[in-house]
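The values are calculated or read from the model by the stated rules, or taken from the named source; none is laboratory data. Since the model is a prediction, treat every value here as computed from it, not as a measurement. A quick note on method: Cβ atoms are made from the backbone with ideal geometry, for glycine too, and the neighbour counts reach across all protein chains shown.
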There are 2 protein chains.
Amino acid sequence: MTQSKPPTPARRSEATRTAILDAARERFAADGYERATIRAIAKDANIDPSMVMRYYGNKEGLFAAAVAVDLKLPDPASFPRAEVGRALVTHFLAMWEENEVLTALLRVGATNQAGAERMRGIFGDQLLPLARQVCPDPEQAPARAALASSQLLGLALTRYVLRFPPAVALAREEVVAWLAPTVQRYLTAPHPA
Amino acid sequence: MTQSKPPTPARRSEATRTAILDAARERFAADGYERATIRAIAKDANIDPSMVMRYYGNKEGLFAAAVAVDLKLPDPASFPRAEVGRALVTHFLAMWEENEVLTALLRVGATNQAGAERMRGIFGDQLLPLARQVCPDPEQAPARAALASSQLLGLALTRYVLRFPPAVALAREEVVAWLAPTVQRYLTAPHPA
DNA sequence: TATGCTTGCCAACAAGCGTTGACCAACAGA
DNA sequence: TCTGTTGGTCAACGCTTGTTGGCAAGCATA
């Protein structure tokens, strides 16, 4: 989607490009947008800061390239409707612990306008369609998806960003056992009125 | 706790001091730690940046003074145990919408080490004791308090910081109706395993 | 061998940051 | 009236930031 065509079989610079992106993700995840300096990212990638500018234009462009997220959500048609809560929580935990990109996105989203906009986009493009498939009344899908994401992001916040000790200490299966019924209820249970 | 005693009846500078704190809270809530500059805060308070330094030492001191939070949590002995979820959610919503302190704290906590430490302190000093009073088994109190705070902070994140449109659109009573059973379950229901 | 694109480093710029210290006006107590 | 304290401004410091442009090697093609 980003570049149209690579006519040359494999750019020699591709290694540098991904080294920059890896370093950027790490720094954004650890420090947030402002304190993740281009100089520090370049040093991590063992190149000159000016290379970052040449390849990604400016700091915003670098951020956009570094946190291109695909949640790879499972297809709700592939398992019983009563299991959607458990499936979602399990999947989210795996995604968060697989790499740092989601932590980077959350850290930046909390202080940076572009970061928040990116998270709203992911919510609307990826989680909301799933909610529409699963909700009893599709008209309630946005509210139900927002409730589910409040619980999922809240857990990520306390566990991976703020690092509340008891939230860090919880075993994965325990998180699933506690959160799955909540997410299930938000998505499929009748409105509590 | 911060100052021991005001011997003079009323410092003439008190107005300036609180003007600085108000401006600081607003900027920290809107921009986060790094982009809330002392110069901008001073301009909002209509004084010189050097006054901020004289009164609060440095930027960290200003932040510490600006986000001294008392959640004023209700006493769980004052209502039926089955109502603790509803009471907590209602109270939290009111606190978040009362002023910008909590938004400032959350925004800064997501990127700043000192901010995260402050949030862990509030969790341990204010929410955890309440959980200990309410939980069936006090040994489970930390985990249960962490789960409850994940839901409460997650809602604040999506509603007041990331501003997911459906999360913003939810009426207060609807938030309470959805979240109260969740928090109630996290604090008082038997372990789901 | 000559040409031209690619990959990289280096030095510098302008702007903004937190922070400091000198200075000044107002006021209170002797 | 003199004097010391308080509340405040001003100008500058050293530093870091994102960003730019010039220059040197490497490599492919002609």
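Structural remarks
- All conditions but one from (1) more than 25 Å from B:Ala77 (Cβ to Cβ); (2) touching a Pro at 6+ places or on another chain (Cβ under 6 Å) apply to B:Leu162; the one that does not is (2).
- Sole exception among (1) under 11 Å from the mean Cα position of the chain (by Cα); (2) buried (at least 22 other Cβ atoms within 10 Å of the Cβ) for A:Met95, by number: (2)
- For region B:9-43, a residue qualifies if it is surrounded by fewer than 16 Cβ atoms within 10 Å (Cβ to Cβ), within 14 Å of another protein chain (Cβ to nearest Cβ) and either assigned to a loop (DSSP other than H, G, I, E, B) or at positive phi (or both), and exactly one does: B:Thr37.
- Residue in region A:138-152 that is touching a residue at least 60 places away in the same chain (Cβ under 8 Å) and either within 8 Å of chain B (Cβ to nearest Cβ) or over 22 Å from A:Leu105 (Cα atoms) (or both) present: yes
- Pairs with Cβ under 7 Å, 6+ apart, first in region A:49-75 and away from every other protein chain (no Cβ under 14 Å) and at pLDDT 95 or above, second outside any helix (DSSP H, G or I) and away from DNA strand C (no atom under 16 Å from the Cβ): none
- When residues in region A:44-69 are screened for being near DNA strand C (Cβ under 10 Å from one of its atoms) and at negative phi, 10 of them pass.
- When region B:85-117 is filtered for residues that are part of a helix (DSSP H, G or I), under 28 Å from A:Glu174 (Cβ atoms) and at the interface with chain A (Cβ under 10 Å from one of its Cβ atoms), the ones remaining, listed by number, are B:Leu106, B:Gly109, B:Gln113, B:Gly115, B:Ala116, B:Glu117.
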